[in-house]
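The block underneath contains the structure these notes are about, expressed in structure tokens.
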Amino acid sequence: MFFSIIIPLYNRPQEIKELLETLALQTYKQFEVLVIEDGSKDDAADIVNSFSDKLNVRYFVKQNEGQGFTRNFGFERAKGDYFIIFDSDCLVPENYLQIVNDSLKDNYLDAYGGPDDAHPSFTPVQKAISYAMTSPFTTGGIRGSKKGIGQFHPRSFNMGISRQVWEKAGGFLITRSGEDIEYSIRIHSLGFKIGLIAGAKVYHKRRANFLQFYKQLHFFGRARINVYKFFPKELKLVHFFPACFTLFIVFCAVASLFRWPFANFCDGLLAVYILLIFFHALVKNTSIKIAFLSVIASFTLLVAYGLGFMQDFCKRVIFKLS
């Protein structure tokens, strides 16, 4: 099988260099790489061209439209039987394509998603953020797990679709704000087979600090409401959890401030939750520092997502504003 790897890029030349270095080490060689510069001011032309003797790579420049439509630009120009999309801040293990190829031979999927993990070279903050995004105490551990709630929805940092999916479903209808979830639901609705390839993991850097992470997750919370506008039935009770958690924190703070009788009970529940995250992260990363940062990352995730979710739920669902 011949793969087309499609990578949208926006002002991240160093990241694409690191990603291309990992792609050059792939044990499976039947693939091309399409790097699409999405209106960047800090372009990566020289970096990408420096890999021309190591990779079958093509470089494109287009006006800024966002990652969804930039992936569509790549789909239109891809030569492969199967398209794979990565975010530019990913690192790919050298056996990734071999695992995907073997898996599709044994159990063909029209579209797949893979999990993500923290690379040993990541900073403690990046490892903590990775923990928060994959922890059973925050996201339920459903990212990259077969034990999800409802249908499995591949995420666009590590996702593959067949050419047949592209020809029938087309590309992304929205360019950002939940575009991958909308696309996955639409692929499902057309009867295609979607699944997880558990071994096809990538190392996803995500954000380098908590402020960037907060902004990203606030955006994700808003994006869930954007998906709801396309598919109302896809808004589940679990999606309300970060908002409920955020309101509970506010309630605990007010209860403590006014010394309400049940303030100690609220504080106790939060303490238990913090300890669960801390010790689970400690076991996973064997680092007290990362475990401590994982508590901060987990609370950042839930509060940021919760506030973003509540903002657009009130605006777009309750008050019907655009």
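Structure notes:
- Filtered residue count, the range 228-243, keeping only those that are within 18 Å of I318 (Cβ to Cβ) and at pLDDT 95 or above: 3
- Of I36, I16, all but one fail to be over 20 Å from G171 (Cβ atoms), outside any loop (DSSP other than H, G, I, E, B) and in contact with a helix residue (DSSP H, G or I) (Cβ under 7 Å, 6 or more places away or on another chain); the exception is I16.
- Lone unmet requirement of (1) of a type in the set (K, R); (2) at pLDDT below 95; (3) farther than 30 Å from Q98 by Cβ for K215: (2)
- Residue in the range 285-306 that is among the small types (G, A, S) and more than 21 Å from F220 (Cα to Cα) present: yes
The rows are residues; the columns are (1) outside the structural domain of E167 (by TED's automatic domain parsing); (2) more than 21 Å from R163 (Cβ to Cβ); (3) among the small types (G, A, S).
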residue	(1), (2), (3)
E21	no, yes, no
T27	no, yes, no
L34	no, no, no
G39	no, yes, yes
V61	no, yes, no
F73	no, no, no
G80	no, no, yes
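- Only one entry in A253, A243 is buried (at least 20 other Cβ atoms within 10 Å of the Cβ), among the small types (G, A, S) and over 16 Å from the mean Cα position of the chain (by Cα), namely A243.
- Within the set S145, S156, the sole residue that is at pLDDT 85 or above and outside any helix (DSSP H, G or I) turns out to be S156.
This table checks each residue for (1) in contact with a His (Cβ under 8 Å, 6 or more places away or on another chain); (2) not polar (S, T, N, Q).
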{"site": "Y183", "(1), (2)": "no, yes"}
{"site": "I187", "(1), (2)": "no, yes"}
{"site": "G191", "(1), (2)": "no, yes"}
{"site": "I194", "(1), (2)": "yes, yes"}
{"site": "A198", "(1), (2)": "no, yes"}
{"site": "R206", "(1), (2)": "no, yes"}
{"site": "N209", "(1), (2)": "no, no"}
{"site": "F219", "(1), (2)": "no, yes"}
{"site": "R222", "(1), (2)": "no, yes"}
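- Any chance I274 is buried (at least 16 other Cβ atoms within 10 Å of the Cβ) and in a helix (DSSP H, G or I): no
- Test: H153 is of a type outside the set (G, A, S) and closer than 25 Å to I290 by Cα: no
- Residue count, the range 39-62 (criterion: among the β-branched types (V, I, T) and assigned to a loop (DSSP other than H, G, I, E, B)): 0
- Where helices (runs of 4 or more DSSP H) sit wholly within the range 162-236, those with at least 2 residues that are β-branched (V, I, T) and surrounded by 19 or more Cβ atoms within 10 Å (Cβ to Cβ) occupy 179-189, 210-230.
The values are calculated or read from the model by the stated rules, or taken from the named source; none is laboratory data. As the structure is a computational prediction, the values presented were derived from the model and not from experiment. We place every Cβ from the backbone using ideal geometry, glycine too, and count neighbours over all the protein chains shown.
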